Amino acid sequence: MALNAVEQVAEQVPTDDFQLLEEKIYRTIELYKAARAAQATAERDAQRLRQQMEDREEELVTLRRETVRLKKEREEIRGRVEKMLEQIESIAEAS
C-alpha cells in the first residue's frame with residue numbers, strides 16, 4: 001500500500017519539480033555543513049580566547065603583586081635614605 005502511494009506521488013510530481021527539490025535539499029545540506037564547520041571554528045576560537053584571558057588574568061595578578069612588592073621596597077629605601085640624610089645633617093650641624 002505504501003508503495004502504491006509513492007508511485008502515485010511520483011506520477012503527480014513533475015520531474016523538473018523533483019530536480020528543483022533535490023537541488024534545494026543538497027544546497028541545504030551544504031549550508032548545514034558550512035554552518036557546523038563555522039560553529040566548530042567559533043568554538044575553537046572562543047576556547048583559545050578564554051585561555052588567553054585566563055593567562056592574562058594570571059599575569060595581571062603577578063604584576064599587581066610585583067607592584068606592591070616594589071612599592072614596599074621603595075618606601076623602605078626612602079626611609080633608609082632619609083635616615084642617612086638626617087645623620088649627614090647632624091654631622092654637618094655639629095661641625
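Values quoted throughout were computed directly from the atomic coordinates according to the rules given, and no laboratory measurement underlies them. It should be emphasised that the depicted structure is a prediction, and the values quoted were computed from it without experimental measurement. For neighbour counting, all protein chains shown are included, and Cβ atoms are generated from backbone atoms with ideal geometry for every residue, glycine included.
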Those residues of the stretch 53-95 which are of a type in the set (Asp, Glu) and under 43 Å from the mean Cα position of the chain (by Cα) amount to Glu54, Asp55, Glu57, Glu58, Glu59, Glu66, Glu73, Glu75, Glu76
Glu93 - would you say it is in a helix (DSSP H, G or I) and loosely packed, with under 10 Cβ neighbours inside 10 Å? yes
